[in-house]
Amino acid sequence: HPVMDSHMPLVNTSDNFRFSAAVASFGMLLRNSEFKQMSSWQQVIALAKASKGADVNGYRTEFIRLAQAASSMIAKK
């Protein structure tokens, strides 16, 4: 199925979309993907925090902790 880009600003998207974008960026940073463009650990953490929304089971909070830990490990290299 084709995916159409509606050129919607990130701030106009849902919490779920922005959180998913943070998770996808996290994966690209971990793999040092050629598609990561200007992604950074700080951007991943900030985007995830800003889009956490209702986190009933704590999974999003746990992801934020994981991203912070990964960021710290990379910074110590």
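The values are calculated or read from the model by the stated rules, or taken from the named source; none is laboratory data. What you see is a predicted model, and the numbers here were worked out from it, not measured in a lab. We place every Cβ from the backbone using ideal geometry, glycine too, and count neighbours over all the protein chains shown. Ligands, DNA and RNA are excluded from the accessible area calculation, which covers all protein heavy atoms including side chains. Shrake-Rupley method; radii C 1.70, N 1.55, O 1.52, S 1.80 Å.
Residue-wise test of (1) surrounded by 10 or more Cβ atoms within 10 Å (Cβ to Cβ); (2) more than 18 Å from Thr13 (Cβ to Cβ); (3) at pLDDT below 95; (4) polar (S, T, N, Q).
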{"residue": "Gln43", "(1), (2), (3), (4)": "yes, no, no, yes"}
{"residue": "Ser51", "(1), (2), (3), (4)": "yes, no, no, yes"}
{"residue": "Val56", "(1), (2), (3), (4)": "no, yes, yes, no"}
{"residue": "Ala69", "(1), (2), (3), (4)": "yes, yes, no, no"}
{"residue": "Ser72", "(1), (2), (3), (4)": "yes, yes, yes, yes"}
{"residue": "Lys76", "(1), (2), (3), (4)": "no, yes, yes, no"}
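Entry remark, the stretch 1-18: residues being among the aromatic types (Phe, Trp, Tyr) and open to solvent by less than 70 Å² (accessible area, probe 1.4 Å) number 0 in total. Figure legend. Inter-residue proximity from the stretch 22-45: first residues over 16 Å from Ile74 (Cα atoms), second residues part of a loop (DSSP other than H, G, I, E, B), beta-carbon distance below 8 Å, spacing 6+ or different chains. Indicated pairs: Ala22/Ser51.
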